[in-house]
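Step one of this worksheet: look at the structure below.
The values are calculated or read from the model by the stated rules, or taken from the named source; none is laboratory data. Source: prediction; values computed, not measured. Please note: Cβ atoms are built from the backbone with ideal geometry, for glycine as well, and neighbour counts cover all protein chains shown.
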Amino acid sequence: MSTLQPENPSIERRIALQRVGRIDPESIDDYLAEEGFVALRQLLQSANPDSVIEAVTTAGVRGHGGAGFPTGRKWYFVAKADAPVKYVVCNADESEPGTLKDRLIMEGDPFSLIEAMIIAGFTVGATTGFIYLRGEYNLARHRLENAIRQAEAAGFLGRDILGSGIDFSLHLHSGAGAYICGEETALISSLEGYRGEPRSKPPYPTQSGLWGRPTLVNNVETLVRIPPILRHGAAWYRASGTAGSPGTQIVTLLGDVNWRGVVEVPFGISTRRLIDDVGQGVKGGALKLVQSGGSSGGIIPPEWLDLPLDFDSGRAGVVLGSGALLVCNAHRCVVDLTTVVMAFFRAESCGKCVPCRVGTVELHTLLQRLTEGRGTLRDLSLLETMGAMVKRTSFCGLGITAPNVLLDGLRHFRDEYIAHARDHRCPAAVCAMQDSAWGELPHLATVG
Amino acid sequence: MSTILLTIDDRKVHGESGETILSVARQHGIPIPTLCQLQGASTFGGCRLCLVEVEGIAHPVSACNTPIKAGQRVTTQSPALRADRQMVLELLFAERNHYCAVCVQNGDCELQSAAAQAGMDHVRCPYLSPSLPVDASHAQYVLDHNRCILCMRCVRVCAEVEGAHTWQMAGRGIEARLVADNGVPWGESTTCTSCGKCVHLCPTGALYRKGASVAEMQKKRGFLLRILEGRELGRTGEEPTDDFLVPTVEIRS
């Protein structure tokens, strides 16, 4: 991607993106020249898989798919599971709208993912790995296929890796374009050849995952952090970031900013610094809100811009999620934004559970009424009740996070929703309101 | 296996490790509403009606797939749970075309009784009123998509008990549809054994036996004249020429 600019050390620190843009991603020689496979070689020589879990735990790596689960604990669970066969799965089904971090890594430094997966396999005792790649990522597929071939030819993949007696084979699987398959149990169902639907947890994949075997499922960005940590140590990794979220995080900055793109920054940076120093300021008007973490994330109002971005601030309201930051200026309508987000979830719900399958459609229908000037205050109150209900009762993370933007919007911009529902007016002049609320005979149920 | 002690609705109850909250509650006579749950088939967890509150967990959990834990404190009835269950049912009624008055299953429908028990007396959200087909291609049975709640009971029992794997789910989200043999009319399915398990386990009127639905009964109004004709023949000692459609009627002169 052309959006990656030279590193700016005053704000950036590249760990996951260290080689992206600097090496030829289709050449294993380039990778080897940049410390490639050094961590793996050292590990195979030391033959001490426990040291990896210790290093990952001490470094404090947390899952970068959005949930922030401690990676060291996940690896420990799979490593200690007593089973003859285990699997390592890389969740590369990056489908969160506005999130491009995993794509950049796989397109720019595919060998680092392969090295990380071999290390993961050796650590937890798995000899087979799968990369579940988002179906639309054609360039990433091409580069990963090429990288797997070259790694096999160079003896890093396959039987008896580098004479260590360790085997590891890696398979690439392209998804068919379903957001739900980013949910780890739905991903496993899909990989097994079944319909991509989430499964009950427990049992967690670490106990019973792919084909019922203990399975380590990690995001791309999480995995590629492991080789540099093994190489330079946990203290080196913890040199940036916060106590609860050490290290760095890749942020995809988009929307109304003067510079859009992907940047790797230490955890704890404020949204304001990202917008001002990386994004070079808001474009086209004053800042209205930032939608963080993709469609499943939340809304950061202007008064929260100085809060640190990390996994723990999520409790205060700032959702980091996948690291996407969508900046909206004053000319954007929050009801319109919410409607677009809900249309996404309506289309992506798998249909397994009632609240998500029907709830997202009902919420979208009610929101559409608001944007068309046909809404009522009664619709607004139902939106709030139902949004909270869908969040509370859905089967998996998709339904649980689908109402986030709606509920955050109501929390921070209630007046704007009321203007749409009661006065049939869009304060940002985005929504094409009908001339009259009574332009067509309303459904009886809409009379508030 | 080991015995686990827990509390459900302030009652001290016990179960074996690996059991779910739903199964332990049922063994102790504590009712929890369900729709997709089917004893004898795998757990699905999609209907969300069996939601219960567990102390220490912020959101409600489904009782059908949550294993019991020692010391767990479970609440099966609360105003919040009642409201959530009511809205689950409202969403189901709004999703497709559930008109009890003209439904084959009226009076013996699990969706209808779940709504009655939950006190769901109206639907607050817009009815989606989709235009859905009825598949009457099978010789004995009918699939009415208008009544389907996607509980997957038919899919599970067909795969797990009958072993035919006729039923599948196609499409996603609100477009999800039950399909036979990956999308052929039911009557053209080469895997269906016509065993009828799916029909009898369907909680609503989505799957039913032909001849059972509203206005499908055909009355045999010709019987009266034929009885009278039979009497006439009896009197004259001739054998009846017509086959009598009401065979149990005894003819006495």
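The table that follows gives values for the structure above.
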| quantity | calculated |
| --- | --- |
| Leading residue by the ranking (farthest from the other protein chains (Cβ to nearest Cβ)) among those in the range A:349-393 that are among the acidic types (Asp, Glu) and free of Cβ contacts under 8 Å to residues at least 40 places away in the same chain | A:384 |
| Residue A:346 vs. criteria without any contact (Cβ under 8 Å) to a residue 12 or more places away in the chain, touching a Gly at 6+ places or on another chain (Cβ under 9 Å) and within 16 Å of residue B:92 (Cα to Cα) | no |
| Strands (runs of 3 or more DSSP E) contained entirely in the range A:228-324, each with at least 2 residues that are under 30 Å from residue A:31 (Cα atoms) and either in contact (Cβ under 8 Å) with a residue 24 or more places away in the chain or β-branched (Val, Ile, Thr) (or both) | A:248-255, A:261-266 |
| Whichever residue in the range A:394-428 is hydrophobic (A, V, I, L, M, F, W, C), free of Cβ contacts under 8 Å to residues at least 60 places away in the same chain and away from chain B (no Cβ under 14 Å) and, among such residues, is nearest to residue A:348 (Cα to Cα) | A:410 |
| Residues of the range B:144-188 classified as assigned to a loop (DSSP other than H, G, I, E, B), without any contact (Cβ under 8 Å) to a residue 24 or more places away in the chain and within 12 Å of chain A (Cβ to nearest Cβ), total | 3 |
| Check on residue A:153, within 20 Å of the chain's Cα centre (by Cα), small (Gly, Ala, Ser) and at pLDDT 95 or above | no |
| Qualifying residues in the range A:56-104 (those that are assigned to a helix (DSSP H, G or I), under 15 Å from residue A:208 (Cα atoms) and among the aliphatic types (A, V, I, L, M)) - the one farthest from the chain's Cα centre (by Cα) | A:79 |
| Tally of residues being within 14 Å of chain A (Cβ to nearest Cβ) and surrounded by 15 or more Cβ atoms within 10 Å (Cβ to Cβ) across the range B:128-137 | 1 |
| Matching option when the condition is crowded, with 23+ Cβ neighbours inside 10 Å, within 14 Å of another protein chain (Cβ to nearest Cβ), out of contact with any His (no Cβ under 9 Å at 6 or more places or on another chain) and assigned to a loop (DSSP other than H, G, I, E, B), among A:198, A:205 | A:198 |
| Selected residue [part of a loop (DSSP other than H, G, I, E, B), out of contact with any Lys or Arg (no Cβ under 6 Å at 6 or more places or on another chain), without any contact (Cβ under 8 Å) to a residue 24 or more places away in the chain and assigned by TED's automatic domain parsing to the domain that holds residue B:211] from B:131, B:113 | B:131 |
| Among (1) within 12 Å of chain A (Cβ to nearest Cβ); (2) within 27 Å of residue A:348 (Cα to Cα); (3) not aliphatic (A, V, I, L, M) - the single one residue B:122 does not satisfy | (2) |
| Entirely in the range B:1-109, the strands (runs of 3 or more DSSP E) that have 1 or more residues that are more than 10 Å from chain A (Cβ to nearest Cβ) and closer than 21 Å to residue A:386 by Cβ | B:51-54 |
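Listed here are the residues, each with its yes/no results for (1) under 18 Å from residue B:35 (Cβ atoms); (2) surrounded by fewer than 18 Cβ atoms within 10 Å (Cβ to Cβ); (3) of a type in the set (Phe, Trp, Tyr); (4) in the same structural domain as residue B:33 (by TED's automatic domain parsing).
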position: B:93; (1), (2), (3), (4): yes, no, yes, no
position: B:119; (1), (2), (3), (4): yes, yes, no, no
position: B:139; (1), (2), (3), (4): no, yes, no, no
position: B:142; (1), (2), (3), (4): no, no, no, no
